[in-house]
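K.L.:
Please read through the structure below; I'll follow up with questions.
The values are calculated or read from the model by the stated rules, or taken from the named source; none is laboratory data. Source: prediction; values computed, not measured. Cβ placement follows ideal geometry from the backbone for every residue including glycine, while neighbour counts extend to all protein chains displayed.
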Amino acid sequence: MKIRAAVLEEFGRPLEVQELDLAEPKAGEVLVRLVACGVCHTDLYTASGADPSGYAPAVLGHEGAGVVEAVGENVLSVAPGDHVVTLFSPQCRECVHCRDPRTNLCLAIREQQNLGYLPDGTTRLSRDGEPIRHFMGTSTFAEYTVMPEIALAKVSPEAELDRACLFACGLSTGLGAAMNTAKVQPGSTCVVFGAGMVGLGAVAGCRLRGADRIVCVDLSEERLALARGQGATDTLAGGPDVVQAILDMTGGFGADYTFEATGIVSVMRQAVEAARMGWGLATVCGVAGKGETLDVIPRYLITGRRIAGSSFGGVKGRDQVPQLVQRYLDGEIDVDAFISHRISLDEVNRGFELMEAQDGIRSVISMT
Ligand SMILES: NC(=O)c1ccc[n+]([C@@H]2O[C@H](COP(=O)([O-])OP(=O)(O)OC[C@H]3O[C@@H](n4cnc5c(N)ncnc54)[C@H](O)[C@@H]3O)[C@@H](O)[C@H]2O)c1
Ligand SMILES: [Zn+2]
Ligand SMILES: [Zn+2]
């Protein structure tokens, strides 16, 4: 079929919205009509050429939600008409990682996905017979996509898809960092560095876990106001003195849980140093620049602090994204506050510009 999609032709150049061919889903694959898609930093990171593993031409986009249109052979878990959220982090439910509660890093299709192919090593996207590669296994800057069944979370049809799409990446990443990776205990003190989509999600996750005190740190007063809306009890301006400020607020000890959601390695270090001696856990969500390293004085670890990394918030997507969406429907998560701009697919490059200008938290593309 013919579809319109935003193609990365060349790194550092605007995406080009154009007509492509999309082949039918093969066995284990699903054709999804996309309804909405958030614009995330990872799309821009790849489009800019900064990502060393990037490739072109490819259809970008990974924060998608839509409706199942058709299924290939042997697809049992979704059917036409189902509402789905796309998962760049799939869940096959069979591999050694999927069967272990300690991780969400499914091993089933990683290699082909990282190369831009569907699991059988080919693409469904093409232009005049030339293959166009998929991105993150999702390619959701498009009217339609074909994806593996194991990379789709079936969500309640009651959830508006332009809200549900945020659960495809940033929001679940932050929520999951607090709820899955750190497993914040009720009554605890938490500090979240960064109040973008991920950090705000972490603030909400700490609240849902019953944290007593949630301190959010950012450079933007506007974003700190959003953090208060998500449940932050205190806010602080970021900078070199912030660790001392947190120690002062916590009787000199530091926080039970800290979260880093900036991608800045010096802030990751602050998250370690602001964690409490004895049991403080620093959870790193940010993606650092290529080759950057985290500098930590080992004494912080000897004295009982721990560091955890979190990819997609440790969320096992097919099981847990539907649960998170249900908590949104139950009124526990305020998703509307994150949507700052609504744009069309043709305006996708404007979504990047808004992000670079830190104008709002999320631009959401409506496909229709
Ligand atoms: N682990 C994952 O699976 C995953 C998924 C999505 C995004 N990410 C990463 O998470 C990070 C955050 O993503 P986002 O979309 O929320 O980004 P964002 O750019 O919207 O937010 C980052 C925030 O950090 C703030 N900040 C900058 N310097 C600071 C400082 N010194 N102290 C405190 N705050 C500071 C900025 O003002 C901004 O509000 C990025 O590195 C992104 O790549 C990781
Ligand atoms: Zn993302
Ligand atoms: Zn798996």
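K.L.:
Take segment 1-45 and flag every residue that is outside any loop (DSSP other than H, G, I, E, B), charged (D, E, K, R) and surrounded by 15 or more Cβ atoms within 10 Å (Cβ to Cβ).
P.N.:
Once the filter is applied, which keeps residues that are outside any loop (DSSP other than H, G, I, E, B), charged (D, E, K, R) and surrounded by 15 or more Cβ atoms within 10 Å (Cβ to Cβ), segment 1-45 yields R4, D21, E29, R33, D43.
K.L.:
Of (1) away from ligand 3 (no atom under 13 Å from the Cβ); (2) more than 14 Å from G28 (Cα to Cα); (3) surrounded by 14 or more Cβ atoms within 10 Å (Cβ to Cβ), L87 satisfies all except one. Which?
P.N.:
(1)
K.L.:
Next question. Checking the conditions here, which among D295, D256 is touching a strand residue (DSSP E or B) at 6+ places or on another chain (Cβ under 7 Å) and more than 27 Å from G360 (Cβ to Cβ)?
P.N.:
Every option except D256 fails the conditions.
K.L.:
Let me ask another. Return yes when L219 is within 16 Å of ligand 1 (Cβ to nearest atom) and either at pLDDT below 95 or surrounded by fewer than 23 Cβ atoms within 10 Å (Cβ to Cβ) (or both) and no when it is not.
P.N.:
Answer is yes for this residue.
K.L.:
Okay, next question. Taking the criterion of being in contact (Cβ under 8 Å) with a residue 24 or more places away in the chain, outside any loop (DSSP other than H, G, I, E, B), within 16 Å of ligand 2 (Cβ to nearest atom) and not polar (S, T, N, Q), would at least one residue in segment 46-55 satisfy it?
P.N.:
Yes: one or more hits.
K.L.:
Go through segment 98-119 and give me each residue that's buried (at least 20 other Cβ atoms within 10 Å of the Cβ) and under 20 Å from the mean Cα position of the chain (by Cα).
P.N.:
C98, N104, C106, I109, Q113, G116
K.L.:
How many of the residues in segment 261-280 are in contact with a strand residue (DSSP E or B) (Cβ under 7 Å, 6 or more places away or on another chain) and assigned to a helix (DSSP H, G or I)?
P.N.:
5
K.L.:
Could you count how many residues in segment 311-321 are among the polar types (S, T, N, Q) and in a loop (DSSP other than H, G, I, E, B)?
P.N.:
Of the residues in that region, 1 qualify.
K.L.:
When C98 is evaluated against the numbered criteria (1) away from ligand 3 (no atom under 13 Å from the Cβ); (2) touching a Cys at 6+ places or on another chain (Cβ under 9 Å), which criterion, by number, is the only one it fails?
P.N.:
Single failed check for C98: (1).
K.L.:
Given the options R306, R318, R342, name the one that is assigned by TED's automatic domain parsing to the domain that holds P14 and either in contact with a strand residue (DSSP E or B) (Cβ under 7 Å, 6 or more places away or on another chain) or within 22 Å of T262 (Cα to Cα) (or both).
P.N.:
Within the list R306, R318, R342, the selection yields R342.
K.L.:
Consider only pairs whose beta carbons are under 9 Å apart and that are at least six residues apart or on different chains; among these, list those whose first residue lies in segment 281-310 and is assigned to a strand (DSSP E or B) and whose second residue is of a type in the set (S, T, Y) and within 16 Å of ligand 2 (Cβ to nearest atom).
P.N.:
Final answer for the pair search is T283/S310; V284/S310.
K.L.:
I'd like to verify a number: residues in segment 242-253 that are over 20 Å from L200 (Cα atoms) and free of Cβ contacts under 8 Å to residues at least 60 places away in the same chain, how many?
P.N.:
Of the residues in that region, 8 qualify.
K.L.:
Please work out which one of (1) within 16 Å of ligand 1 (Cβ to nearest atom); (2) surrounded by fewer than 24 Cβ atoms within 10 Å (Cβ to Cβ) is the condition R213 fails and give its number.
P.N.:
Looking at each condition in turn, R213 falls short on (1).
K.L.:
Name every residue in segment 64-100 that is within 16 Å of ligand 1 (Cβ to nearest atom) and among the small types (G, A, S), in order of residue number.
P.N.:
G64, S89
Residue-by-condition table, conditions (1) on the phi < 0 side of the Ramachandran plot; (2) touching a helix residue (DSSP H, G or I) at 6+ places or on another chain (Cβ under 7 Å); (3) surrounded by fewer than 20 Cβ atoms within 10 Å (Cβ to Cβ):
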residue	(1), (2), (3)
A232	yes, yes, no
T250	yes, no, yes
D256	yes, no, no
P298	yes, no, yes
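K.L.:
Report yes if G239 is outside any strand (DSSP E or B), within 12 Å of ligand 1 (Cβ to nearest atom) and over 23 Å from L171 (Cβ atoms), otherwise no.
P.N.:
It is true that G239 is outside any strand (DSSP E or B), within 12 Å of ligand 1 (Cβ to nearest atom) and over 23 Å from L171 (Cβ atoms).
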